[in-house]
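Encoded as structure tokens, the structure appears first; notes follow it.
The values are calculated or read from the model by the stated rules, or taken from the named source; none is laboratory data. The structure presented is a predicted model; accordingly, all values stated were derived computationally and were not measured. Here Cβ is always computed from backbone atoms with ideal geometry, including for glycine, and neighbour counts include all displayed protein chains.
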Amino acid sequence: MTYTIVLATPRGVAVVGVVSGSIAVGTRVPWVKEGVGAVATQGYTNVALGPLILSLLERGYSCKKAIEEALKTDPEPEYRQVLVASCRGDTGHHTGRYCPDVKYVRVGPNFVCGGNCLISEEVVEAMFEEMIRTSALHPLTRVLRALEVGHEAGGDARGDRSAAIVYTEPGIRPIVIRVDNSTDPVAELRARVARISSLHLKLPLI
């Protein structure tokens, strides 16, 4: 169904990048708040989990505890996959038993890569390795490149159809960049990220 990276840094940056075989994934999966963290709620998505987990993080909950408390409100937690990174430096994740295979998660410094209904575990492994390799780059660049290598590794088992990146940092309201229905959503996402980042974040074309 979906492959995703959530990243949050101690300086308050929060970003989610996601690609899916479903349309308009950016309307459901990614949630960020500056200085707080990044959340992806996927699998058979319960969108209510995103803002709830962010509110719990803001109240001081750890990522793990925030996920646990949020899932207590969900009647079907075994259908959910949740990835969380906080600006305090911790991470957490949950993958329910009924999320579609192949489902897989890797955790790195300040980030989590995960997915379900994948062509193989290599999709997440490739994203994880790219996040490690690009650790010195801007967070937006890192997440975009990780999505690209995930796509190259096979992506969603149904084929990739939509993509999104949501980004925030102190002083900047969340920037939402979406490709809702495309035969090549990752390439279209790159073009839109390059255009928007040069205008709003003063980054060179990515």
**OP:** Could you pull out the residue among Tyr167, Tyr98 that is farther than 22 Å from Arg11 by Cβ and among the hydroxyl-bearing types (Ser, Thr, Tyr)?
**Re:** Tyr98
Subject >> Top-ranked residue in the stretch 23-59 [being surrounded by fewer than 18 Cβ atoms within 10 Å (Cβ to Cβ) and within 15 Å of the chain's Cα centre (by Cα); ranked as nearest to Cys117 (Cα to Cα)] >> reply: Ala24
**OP:** Being of a type in the set (Gly, Ala, Ser) and surrounded by 14 or more Cβ atoms within 10 Å (Cβ to Cβ) is the filter; apply it to the stretch 60-88 and report the residue that is farthest from Gly108 (Cα to Cα).
**Re:** Ala70
Original post:
Given the structure, is Val112 over 16 Å from Leu7 (Cα atoms) and among the β-branched types (Val, Ile, Thr)?
Top reply: no
**OP:** Give me the pairs, please: first residue somewhere in the stretch 60-82 and part of a strand (DSSP E or B), second residue anywhere and hydroxyl-bearing (Ser, Thr, Tyr) and at pLDDT 95 or above, beta-carbon distance under 6 Å, and either six or more positions apart or on two chains.
**Re:** Gln81/Thr95; Val82/Thr41
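Quick grid of which residues meet (1) assigned to a loop (DSSP other than H, G, I, E, B); (2) over 25 Å from Tyr79 (Cα atoms); (3) not β-branched (Val, Ile, Thr):
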site: Leu137; (1), (2), (3): yes, yes, yes
site: Thr141; (1), (2), (3): no, yes, no
site: Val149; (1), (2), (3): no, yes, no
site: Ala163; (1), (2), (3): no, no, yes
**OP:** Filter the stretch 24-38 for residues that are over 17 Å from Thr91 (Cα atoms), of a type in the set (A, V, I, L, M) and outside any loop (DSSP other than H, G, I, E, B) and give the result.
**Re:** Val25
**OP:** Give the stretch 89-122 a look and list any residue that's of a type in the set (S, T, N, Q), in a strand (DSSP E or B) and either surrounded by fewer than 22 Cβ atoms within 10 Å (Cβ to Cβ) or under 12 Å from the mean Cα position of the chain (by Cα) (or both), or say none.
**Re:** Thr95
Subject >> Every pair of residues 6+ apart whose Cβ atoms lie under 9 Å, when the first sits in the stretch 101-120 and is within 16 Å of Val25 (Cβ to Cβ) while the second is crowded, with 17+ Cβ neighbours inside 10 Å and at pLDDT below 95 >> reply: Gly115/Met1; Asn116/Met1; Cys117/Met1; Leu118/Met1
